Amino acid sequence: MSFNEEILDLLIQAKNNVKKAVNISMVYTYYEIGRRIIVEEQNGNGRAEYGKHLLHDLADYLTPNFGKGYSADNLKLMRRFYTVYSNDKIGETVFPQFENLPSTETGRKFYLSWSHYLKLMRITNVDERHFYEIEAVRNKWSLSELKRQFDSSLYERLALSTDKEKVSQLALEGHVIEKSNDLVKDPYVLEFLGLPELPVYSEKELESRIIDNLQKFLLELGKGFTFVGRQQRITLDEDHYFIDLVFYNRYLRCFVLFDLKIGELKHQDLGQMQMYVNYYDRTVKLPDENSTIGIVLCKDKKQSLVEMTLPENNTQIFASKYETVLPSKEELKKLLQSE
């Protein structure tokens, strides 16, 4: 990077920081407007007619100076924002890097843009709302990324894939990666590949679509993944084998291998992945790195086959389904309730 480019980069970062600071400042302002509307309505003895006129009168007063962002409908959203978040807290230990942010009268801090909170406050499940807020801050999700993760039911999928005693941790700390099971989702949602439009497709087509949408696939995989390569060849005697996709996870400091299957999972698929994992553990990984993880990504599987094929104390080989369309949140919630 040249000197001129370095200076330009500094200015762009400063501009972005100012923009972010302004956005967060407006969130606090909207919260305070919502609070004052509630207080004024209560002074009017809570009469619905008084509240209706209050919002319209305030909108008529503010709009000429500040624009349509202060319409009666938007003022209602600010009132609702205060109602939702006035008694809503996230543990301060979650984001120690934001300790200098101001707090509301109840100790609440805000970390995201107003657009993010418009989406978040429509989530009625408090635990689920906390989870998405934590993950959006930690991973610097844009609004579109937040919407995509919500639409793909990330919270429900992680809850289904997580030890039941740790489900509550999702709402308190977000998605914490401490062991191999924490990396794995079931199912993975790959609606961004555009595969439903194809009547049939091959494993090669599936792999190519993933590579073409690698950034979105990394987002779906989760935290700490970096791409290593595709069709990684290993040779045993004169026989060659090819691992479809190889990643590395910085949190667990281990390789993560993916084998793609477009049909139903077979026990041979798990045996082949075991061979791949053994090869990486014995010839590729460094002594200070952790054991390799292998995930067979399939269109369909029988859980009983997986359980009987793999050892009971297995922590390295996993089989997960993939979906080419967004899953039904209602169905996933029913599965959670039946667990």
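I'd like to know if region 165-188 contains one or more residues that are out of contact with any strand residue (DSSP E or B) (no Cβ under 9 Å at 6 or more places or on another chain) and aromatic (Phe, Trp, Tyr). There is no residue in region 165-188 that is out of contact with any strand residue (DSSP E or B) (no Cβ under 9 Å at 6 or more places or on another chain) and aromatic (Phe, Trp, Tyr). So how many residues does region 223-275 have that are in a strand (DSSP E or B), of a type in the set (S, T, N, Q) and either more than 21 Å from the chain's Cα centre (by Cα) or under 11 Å from Gly294 (Cα atoms) (or both)? Qualifying residue count, region 223-275: 3.
Among the helices (runs of 4 or more DSSP H) lying completely within region 106-209, list those that include at least 1 residues that are under 29 Å from Cys298 (Cα atoms).
Numbers: elements: 114-120, 126-138, 143-151, 154-161, 167-173.
Qualifying helices (runs of 4 or more DSSP H): 126-138, 143-151, 154-161, 167-173.
Out of all the residues in region 276-303, which are among the hydrophobic types (A, V, I, L, M, F, W, C) and either assigned to a loop (DSSP other than H, G, I, E, B) or closer than 19 Å to Leu183 by Cα (or both)? Within region 276-303, Val277, Leu286, Ile293, Ile295, Val296, Leu297, Cys298 qualify. Take the conditions (1) surrounded by 15 or more Cβ atoms within 10 Å (Cβ to Cβ); (2) part of a loop (DSSP other than H, G, I, E, B); (3) acidic (Asp, Glu); (4) without any contact (Cβ under 8 Å) to a residue 24 or more places away in the chain; Glu312 misses just one of them, which is (1). Apart from one condition, Phe318 fits all of (1) free of Cβ contacts under 8 Å to residues at least 60 places away in the same chain; (2) of a type outside the set (Asp, Glu); (3) surrounded by 13 or more Cβ atoms within 10 Å (Cβ to Cβ); the exception is (1). Count of region 166-210 residues, restricted to those that are in contact with a Phe, Trp or Tyr (Cβ under 6 Å, 6 or more places away or on another chain) and of a type in the set (S, T, N, Q), is 0.
Put simply, of Phe217, Phe150 the only residue that is surrounded by 15 or more Cβ atoms within 10 Å (Cβ to Cβ), assigned by TED's automatic domain parsing to the domain that holds Asn249 and at negative phi is Phe217.
Does region 264-280 contain at least one residue that is among the aromatic types (Phe, Trp, Tyr), buried (at least 17 other Cβ atoms within 10 Å of the Cβ), touching a residue at least 24 places away in the same chain (Cβ under 8 Å) and closer than 29 Å to Gly174 by Cα? No, every residue in region 264-280 fails to be among the aromatic types (Phe, Trp, Tyr), buried (at least 17 other Cβ atoms within 10 Å of the Cβ), touching a residue at least 24 places away in the same chain (Cβ under 8 Å) and closer than 29 Å to Gly174 by Cα.
The values are calculated or read from the model by the stated rules, or taken from the named source; none is laboratory data. What you see is a predicted model; the values in this text were computed from it and never measured. All Cβ positions, glycine included, derive from the backbone under ideal geometry; neighbour counts span all protein chains shown.
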